[in-house]
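Worksheet for the structure shown next.
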Amino acid sequence: MAQTAVPQEYKWWSGGKSPFNVSYGKLMMWYFLMSDAFTFGAFLISYGTIRFSQEYWPNPNHVFNAFPGAGHADLPLAFVSLMTFILIISSVTMVLAVHAGHNMDKKGVQKYMLWTILGGIAFLSCQAWEWTHLLTGYHEVLIDGKLTTLNTTVSHNPWGAHVEYNGQHVGTPGPVAFGGYFFGITGFHGFHVFSGVVINIIMYIMTTKDVFHNRGHYEMIEKAGLYWHFVDLVWVFVFLCFYLI
Amino acid sequence: MEHQQLSSAEISFAPVHRDDTVGVICILSLAKAFYIVSIFMHLGDEVRNLIMTIVVPLLLFVWFIAAFLWDGDSWRNLRKDYNKGNPAKQEHAAPKPASEGTLK
Amino acid sequence: MSNEAVLHAHAATGHAEHHEHHHHHESFITKYIFSQDHKMISKQFLVTGIVWAILGGLMSVLFRLQLGYPNETFPILEDILGKWAKGGKIQPEFYYALVTMHGTVLVFFVLTAGLSGTFSNLLIPLQCGARDMASPFLNMLSYWFFFISSIIMLSSFFIETGAASGGWTSYPPLSAIGDFSEGSKAGMDCWLISMALFIVSALLGGLNYIATVLNMRTKGLSMTKLPLTIWAFFFTAVLGVLSFPVLLSGAILLLFDRHLGTSFYLSDIFVSKTQTALPNEGGSAILYQHLFWFLGHPEVYIILLPAMGMASEIISTNSRKPIFGYMAMVGSLFAICILAFLVWAHHMFVTGLNPFLGAFFVLLTLLIAVPSAIKVFNWLTTLWKGNIRFTPAMLFAIGFVSLFISGGLTGIYLGNSALDYQLHDTYFVVAHFHIVMGVASMFGMFAGIYHWYPKMFGRHLNHTLGYIHFWVTICGAYLIFWPMHYQGLAGAPRRYYDISNWHFLKGFDGLNQFISTVALIVFATQLLFVFNYFFSMYKGRRLTTKNPWGSTTLEWTTPINPGHGNWPGEIPEVHRWAYDYSKDGRDFIPQTEPIGAEESHH
């Protein structure tokens with residue numbers, strides 16, 4: 001953000017102006033994101049609490065080891081790394097869109113907004129594939145002395161500890177909360193990505209219609225950018241909690 | 001770890017085999033979060049007071065996380081006697097079906 | 001484009017908008033219904049709050065009827081309530097729905113939306129010297145989300161299976177499984193959806209209040225020159241913005257448990273009614289309590305802080321004395337705001353919370369006594385040797401202080417986990433929180449209404465009715481809730497349909513009847529106030545001066561009936577703090593007056 005030089009004894013708080021040198025809209029966006037951080041924080045902390053209360057928790061390297069088109073190859077966290085990469089790249093294009101907005105470069109804003117929207121849609125598609133894979137993938141587990149197959153849903157989970165059964169090693173049902181939290185929290189994050197994409201599409205249309213150009217500034221792009229980066233920020237923690245530890 | 005008979009002590013935490021890396025991963029994640037906020041979201045370029053009003057309230061997460069996880073860990077201890085394969089359980093009568101296990 | 005361009009562009013559009021309003025004629029719909037004027041929105045919040053207060057109060061009268069006269073029948077109730085009062089006797093399901101809704105409605109709809117929604121909206125722009133809220137549009141949305149949330153909550157009473165009845169805290173597993181009670185069926189879904197919408201409303205409002213206080217103060221009005229009302233509303237908004245989202249998370253997880261088969265809060269459950277074991281496992285009901293109270297505790301301060309701020313302002317104005325210890329007041333508000341987030345589990349000592357963890361919560365809880373005591377001390381010292389004018393607003397403000405002391409002291413008992421094991425879920429708790437948070441905040445709200453009614457409508461409320469209202473209410477409040485301490489110490493459990501079944505509580509039959517009778521009288525007196533409110537809108541004594549109370553603050557520099565934009569000309573500039581009363585031989589000096597060369601320091 002280009003800032004004019006501020007005198008040493010400048011009275012930020014004396015009234016008649018913003019003490020932070022930002023418009024109310026940006027201020028509200030920041031504080032909204034802070035409150036949204038508490039929504040996600042509450043979800044993730046609940047997840048952590050339940051996980052701490054369990055004796056056993058599935059190993060993400062085994063749960064998330066598939067890649068589209070790779071068959072049964074064991075590729076731990078490869079696909080989610082790709083998703084993370086897509087999301088962070090879409091953040092980069094968002095930064096470039098905001099930067100183009102600072103320079104009143106309408107063409108640049110349009111170009112980078114399109115890339116960002118595309119990145120968001122790509123991420124959502126990846127998530128859809130990952131969900132489908134978990135929901136349709138059946139695994140053999142031992143329940144009440146019988147071998148059955150289970151998929152990963154909000155109410156059961158095949159990723160439990162392995163035990164010895166008739167001389168072979170077989171899985172048992174894992175903690176049910178795993179699926180509930182996984183689908184709940186990645187779903188809530190995905191919902192944020194989706195709404196971010198919708199906001200970005202609206203911003204793109206408004207840019208195309210010269211709304212911001214006539215207004216004299218592209219601050220709306222900046223605010224949409226804050227929201228988009230926040231979605232990326234939340235993913236850092238979702239990624240950490242579900243895939244890495 | 002997957003393909004062997006597990007005792008309750010061994011399965012107490014799944015990521016046991018990489019406990020030493022968890023701390024590093026958390027710190028790296030926080031570093032990434034810091035860079036997203038300060039560079040991408042340009043918070044680093046804002047007035048110091050604005051940075052403080054956003055960062056300081058996040059300190060509430062410290063107690064939020066600590067107290068919740070502490071209590072979660074305590075529930076695990078409370079449940080211990082009901083878990084399969086727990087020595088304390090085996091001294092009692094025949095185990096009931098899991099769904100009715102804790103009914104009084 | 002630089003940041004300056006954005007800031008200036010905003011200022012410019014603000015002016016243009018304001019200019020337009022001088023010529024633009026507003027239609028009924030844009031003026032009274034979808035209004036974006038903060039003053040009209042505040043009235044909308046207040047009137048909706050009053051409607052809810054009447055309904056919530058009526059609920060308490062109904063269940064007090066059951067508690068006071070458990071063996072009597074009232075045939076008229078069956079005529080009105082139908083199957084919920086079969087044979088003229090309130091049915092247990094309905095009783096629990098009443099208790100639940102009374103709590104929900106009073107805590108969220110009356111004392112959160114009705115109190116901070118009304119007065120933050122009215123006073124923040126007026127006392128900060130702003131034309132309107134930062135975003136009038138979001139402000140309007142805030143009210144309408146509240147309105148929709150209200151409608152959904154109200155409609156749950158008309159569902160076949162009745163309204164939510166799991167207590168205002170809606171603890172699972174009772175609230176999670178429809179088979180457990182009638183009220184845990186569709187009524188509970190209404191409750192959760194209504195609360196989710198309410199949270200949206202509270203967030204929209206809170207963000208607006210924060211942005212307005214920070215960004216829109218008039219020239220010269222630094223934060224340390226703000227009236228304490230604004231400080232209180234500001235911290236209230238901060239509390240709401242940081243804690244309501246946590247309840248939203250908790251409510252979403254509960255909805256998932258109810259309808260999607262997840263096990264966040266549920267584990268090892270056997271439903272005796274259907275003789276089935278539920279498949280849920282691994283969840284924890286205590287987790288919901290943690291999430292609920294992470295909001296729930298800040299929520300009691302969301303209710304209390306606006307009352308504290310308004311009481312400070314009214315006590316100082318009507319004592320004709322500067323507030324004692326202004327910075328200590330701000331500091332203690334801040335301390336309460338921080339501590340509010342650190343103490344939630346003191347509501348959960350008996351749930352099976354780790355007792356060692358509980359000890360930390362005891363320590364943090366008892367720390368709240370420090371800022372609370374500072375505030376009480378400062379109110380009393382502000383009153384001390386003041387030239388007190390006993391207006392109805394002042395009486396209610398003093399009543400607030402009295403109730404805050406009485407109720408606060410019992411909080412020290414309950415904050416100790418060892419004592420709480422005995423007192424938890426007894427009438428002692430009911431007495432404690434009704435006095436310290438419920439009635440005290442109602443008193444703050446009444447004080448605010450009596451004090452700022454002239455600003456809202458350009459007329460006074462009838463003072464005689466005000467005095468009757470005050471004396472009956474304060475006496476009634478103590479007569480209702482004081483005896484409950486003794487019932488609670490004796491072990492009377494709260495929320496029970498009929499406590500006369502136990503021999504050791506038999507002695508309280510007469511007392512229960514007495515409490516119920518007083519509750520009915522107090523409720524009737526509130527209707528007197530409602531009459532006064534609406535009657536005075538049209539027939540009240542008109543204001544003859546802009547500043548009827550001789551106040552220093554900015555809202556009294558606006559015209560008697562300010563238009564959209566508040567000040568007809570330039571926004572006044574502020575030169576001094578809000579509490580220059582009885583200074584240098586003058587009764588009061590408005591904030592807009594420059595500091596003279598000869599003037600003494602305060």
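The values are calculated or read from the model by the stated rules, or taken from the named source; none is laboratory data. Quick caveat, the model's predicted, so the values are computed rather than measured. Here the Cβ positions follow ideal geometry from the backbone for every residue, glycine too, while neighbour counts run over all protein chains shown. Only protein heavy atoms, including side chains, enter the accessible area calculation; ligands, DNA and RNA are left aside. Shrake-Rupley method; radii C 1.70, N 1.55, O 1.52, S 1.80 Å.
Values for this structure:
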| item | result |
| --- | --- |
| Scan of the stretch C:218-252 for residues that are assigned to a helix (DSSP H, G or I) and in contact with a Gly (Cβ under 7 Å, 6 or more places away or on another chain), ordered by number | C:LEU228, C:THR229, C:TRP231, C:ALA232, C:PHE233, C:ALA237, C:GLY240, C:VAL241 |
| Unmet criterion (only one of (1) in contact with a helix residue (DSSP H, G or I) (Cβ under 8 Å, 6 or more places away or on another chain); (2) under 20 Å from C:LEU174 (Cα atoms); (3) more than 7 Å from chain A (Cβ to nearest Cβ)) for C:PHE233 | (2) |
| Condition check for A:MET28: at the interface with chain C (Cβ under 10 Å from one of its Cβ atoms), more than 30 Å from C:LEU287 (Cα to Cα), hydrophobic (A, V, I, L, M, F, W, C) and open to solvent by 10 Å² or more (accessible area, probe 1.4 Å) | yes |
| Verdict on C:THR48 being open to solvent by less than 50 Å² (accessible area, probe 1.4 Å) and of a type in the set (Ser, Thr, Tyr) | yes |
| Complete set of residues in the stretch A:159-189 that are within 30 Å of A:TRP228 (Cα to Cα), open to solvent by less than 10 Å² (accessible area, probe 1.4 Å) and facing another protein chain (nearest Cβ under 9 Å) | A:ALA177, A:PHE178, A:GLY179, A:GLY180, A:TYR181 |
| From the options C:ALA397, C:ALA418, C:ALA393, residue that is among the aliphatic types (A, V, I, L, M) and surrounded by fewer than 22 Cβ atoms within 10 Å (Cβ to Cβ) | C:ALA418 |
| Residues being part of a loop (DSSP other than H, G, I, E, B), open to solvent by less than 10 Å² (accessible area, probe 1.4 Å) and away from chain A (no Cβ under 11 Å) - total across the stretch C:256-279 | 0 |
| Near pairs, Cβ below 9 angstrom, 6+ apart or cross-chain, from the stretch C:110-121 (touching a residue at least 60 places away in the same chain (Cβ under 8 Å)) to any residue that is open to solvent by less than 10 Å² (accessible area, probe 1.4 Å) and not in a helix (DSSP H, G or I) | C:ASN121/C:MET133 |
| Search result, residues across the stretch A:138-150 that are open to solvent by 20 Å² or more (accessible area, probe 1.4 Å) and either outside any strand (DSSP E or B) or not hydroxyl-bearing (Ser, Thr, Tyr) (or both) | A:TYR138, A:HIS139, A:GLU140, A:LEU142, A:ILE143, A:ASP144, A:GLY145, A:LYS146, A:LEU147, A:LEU150 |
| Boolean, C:PHE145 is surrounded by 19 or more Cβ atoms within 10 Å (Cβ to Cβ) and farther than 16 Å from C:THR218 by Cα | yes |
| Search result, residues across the stretch C:558-572 that are without any contact (Cβ under 8 Å) to a residue 40 or more places away in the chain and small (Gly, Ala, Ser) | C:GLY569 |
| Filter pass, A:LEU134 being farther than 21 Å from A:HIS229 by Cα and touching a residue at least 60 places away in the same chain (Cβ under 8 Å) | yes |
| Members of the stretch A:49-98 found to be of a type in the set (S, T, N, Q) and part of a loop (DSSP other than H, G, I, E, B), listed by number | A:SER53, A:GLN54, A:ASN59, A:ASN65 |
| Number of positions in the stretch A:31-61 that are within 9 Å of chain B (Cβ to nearest Cβ) and free of Cβ contacts under 8 Å to residues at least 12 places away in the same chain | 10 |
| Residue check, C:TYR450 modelled with pLDDT of 95 or more, in contact with a Phe, Trp or Tyr (Cβ under 8 Å, 6 or more places away or on another chain) and either more than 23 Å from C:GLN422 (Cβ to Cβ) or open to solvent by 40 Å² or more (accessible area, probe 1.4 Å) (or both) | yes |
| Matching entry among A:HIS217, A:HIS156 (being outside any helix (DSSP H, G or I), at pLDDT below 90 and surrounded by 14 or more Cβ atoms within 10 Å (Cβ to Cβ)) | A:HIS156 |
| Count of the stretch A:190-242 residues which are under 15 Å from A:LYS107 (Cα atoms), among the charged types (D, E, K, R) and either within 12 Å of chain B (Cβ to nearest Cβ) or in contact (Cβ under 8 Å) with a residue 60 or more places away in the chain (or both) | 1 |
| Test for A:THR132: is it polar (S, T, N, Q) and assigned to a helix (DSSP H, G or I) | yes |
| Filter result for the condition that a residue is within 9 Å of chain A (Cβ to nearest Cβ) and at pLDDT 55 or above, over B:GLY44, B:GLY23, B:GLY72 | B:GLY72 |
| Test: residue in the stretch C:333-355 that is farther than 30 Å from C:PRO371 by Cβ and open to solvent by 10 Å² or more (accessible area, probe 1.4 Å) | yes |
| For C:HIS290: the one exception among (1) within 14 Å of chain A (Cβ to nearest Cβ); (2) farther than 22 Å from A:GLY41 by Cα; (3) under 27 Å from the mean Cα position of the chain (by Cα) | (2) |
| Positions within the stretch A:159-183 being in contact with a Ser or Thr (Cβ under 7 Å, 6 or more places away or on another chain) and either closer than 30 Å to A:LYS223 by Cα or in a helix (DSSP H, G or I) (or both), in sequence order | A:ALA177, A:GLY179, A:GLY180 |
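This table checks each residue for (1) of a type outside the set (A, V, I, L, M); (2) open to solvent by less than 10 Å² (accessible area, probe 1.4 Å).
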{"position": "C:PHE234", "(1), (2)": "yes, no"}
{"position": "C:LEU239", "(1), (2)": "no, yes"}
{"position": "C:LEU242", "(1), (2)": "no, yes"}
{"position": "C:GLU281", "(1), (2)": "yes, no"}
{"position": "C:TYR288", "(1), (2)": "yes, yes"}
